[in-house]
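Have a look at the structure below before the remarks.
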Amino acid sequence: MSLGQVIVVNGTSGAGKTTTITNYAKRSDESYLMFGIDQLMGQLLPVKFSGYGDRAEEGMHFVPVDPDDPESPLEAKIGDVLWQAFAAFHDMIAAASKAGQNVILDHIMFVDPPILQDCIWRLKDVPVTFVSVQPPKDVLFQRLETRTLELPEQYAEEMGETAREDLAKGMQRMIPWFYEAAYKNDCYDLVIDSSKFNPDEVCEQIAQRVAAGPGTAFETLRGRYAQG
């Protein structure tokens, strides 16, 4: 059985990565499973491990970049529960490919915390095309300022009426760090400025890159980062 193609689409919130994977799977003549970090964080893990849950330090939690200034921009930290979930998430993607299933996923491939390093090694034996959708910072900021947050049902139920407002405030405080961290890696098979192309054009560029042959970015990155 041949391996399924894996397409990893990196980007911040508002960059267009979820729209990209949805449109790509819809357009493709082949079957693609769609995975995403929002799915992992918003549906598969209980809210108590989110940044606003009572066990956030075991999952995703946010702390000031400057410990001496509680009003400074926020950065994300990852606890043991979420690291285990990321390991399982990446292993599931590899297993799907080994079963012959194509997969496209949206992700945030931080170098620090080392989500990228975990992913490149767990997907070592499967074909991966690594894509970054990366609008300019000012465009992204404008998108996030006008964006309506769509909350998973469990968030709304457990966090109450202020959930959307609380999340929006947290996102605004995290943007300066978030943009730099999400795009710190400089090695991809394809980089697309999603402010210059419509969703169909973005998908066409990815399809052309996939058709051109196996991606090499993950192999190059494994040469940079030792297996943990």
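The values are calculated or read from the model by the stated rules, or taken from the named source; none is laboratory data. Computed from a prediction, not measured in an experiment: that's the story for all the values here. A quick note on method: Cβ atoms are made from the backbone with ideal geometry, for glycine too, and the neighbour counts reach across all protein chains shown.
I'm checking my understanding of the structure. Among residues of the stretch 186-228 that are free of Cβ contacts under 8 Å to residues at least 24 places away in the same chain and of a type in the set (S, T, N, Q), which one is farthest from Tyr32 (Cα to Cα)?
The initial filter retains those residues of the stretch 186-228 that are free of Cβ contacts under 8 Å to residues at least 24 places away in the same chain, namely 186, 196-198, 201, 204-205, 208, 211-213, 219, 223, 226.
Next, from what is left, pick out any that are of a type in the set (S, T, N, Q): 198, 205, 208.
On the way: Asn198: 21, Gln205: 17, Gln208: 16 Å.
Of everything passing the filter in the stretch 186-228, Asn198 is farthest from Tyr32 (Cα to Cα).
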May I ask you to list the residues in the stretch 3-23 that are among the hydroxyl-bearing types (Ser, Thr, Tyr) and modelled with pLDDT under 95? Thr12, Ser13, Thr18, Thr19
Give me the pairs: first residue in the stretch 3-23 and over 20 Å from Thr216 (Cα atoms) and assigned to a strand (DSSP E or B), second residue at pLDDT 95 or above and not hydrophobic (A, V, I, L, M, F, W, C), beta-carbon distance under 6 Å, and six or more apart or on different chains, which are they? none
May I ask you to say which residue of Leu40, Leu33 is assigned to a strand (DSSP E or B), closer than 23 Å to Ser194 by Cβ and in contact with a helix residue (DSSP H, G or I) (Cβ under 7 Å, 6 or more places away or on another chain)? Leu33
Residue list for the stretch 12-55, filter: within 18 Å of Phe178 (Cα to Cα) and either in contact with an Asp or Glu (Cβ under 7 Å, 6 or more places away or on another chain) or among the aliphatic types (A, V, I, L, M) (or both): Ala15, Lys17, Thr18, Gly36, Ile37, Met41, Tyr52
Being hydrophobic (A, V, I, L, M, F, W, C), farther than 17 Å from Ser28 by Cβ and outside any helix (DSSP H, G or I) is the filter here, so list the residues in the stretch 193-228 that pass it. Phe197, Ala226
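Given Phe130, Phe110, Phe89, which one is part of a loop (DSSP other than H, G, I, E, B), aromatic (Phe, Trp, Tyr) and modelled with pLDDT of 90 or more?
Numbers: Phe130 fails: part of a loop (DSSP other than H, G, I, E, B); Phe89 fails: part of a loop (DSSP other than H, G, I, E, B).
One residue alone meets the criteria, Phe110.
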Do we have any residue at all in the stretch 31-39 that's touching a Pro at 6+ places or on another chain (Cβ under 9 Å) and crowded, with 22+ Cβ neighbours inside 10 Å? no
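What is the residue count in the stretch 104-114 for residues that are farther than 17 Å from Ile7 by Cβ and surrounded by 17 or more Cβ atoms within 10 Å (Cβ to Cβ)? Walk me through it before giving the result.
Just the residues of the stretch 104-114 that are farther than 17 Å from Ile7 by Cβ, to begin with: 110-114.
Imposing the further condition that a residue be surrounded by 17 or more Cβ atoms within 10 Å (Cβ to Cβ) reduces the set to 110-111, 113.
So the answer is 3.
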What single numbered condition from (1) modelled with pLDDT of 95 or more; (2) charged (D, E, K, R); (3) surrounded by 13 or more Cβ atoms within 10 Å (Cβ to Cβ) fails to hold for Asp186? (3)
Within the stretch 170-183, restricting to residues that are modelled with pLDDT of 85 or more and not hydrophobic (A, V, I, L, M, F, W, C), the one that is surrounded by the fewest Cβ atoms within 10 Å (Cβ to Cβ) is Glu180
When Asp66 is run through (1) surrounded by fewer than 15 Cβ atoms within 10 Å (Cβ to Cβ); (2) farther than 15 Å from Ala181 by Cβ; (3) touching a Leu at 6+ places or on another chain (Cβ under 8 Å), the failure sits at (3)
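Kindly provide the set of residues from the stretch 209-223 that are out of contact with any helix residue (DSSP H, G or I) (no Cβ under 6 Å at 6 or more places or on another chain), surrounded by fewer than 18 Cβ atoms within 10 Å (Cβ to Cβ) and under 9 Å from Ile120 (Cβ atoms), ordered by number.
Initial filter on the stretch 209-223 (out of contact with any helix residue (DSSP H, G or I) (no Cβ under 6 Å at 6 or more places or on another chain)): 209-217, 219-220, 223.
Checking the rest, the ones that are also surrounded by fewer than 18 Cβ atoms within 10 Å (Cβ to Cβ) come to 211-214, 216, 219-220, 223.
Correct list: Glu219 only.
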Candidates Leu123, Leu105, Leu116 - the one that is under 13 Å from the mean Cα position of the chain (by Cα) and farther than 21 Å from Gln43 by Cβ: Leu116
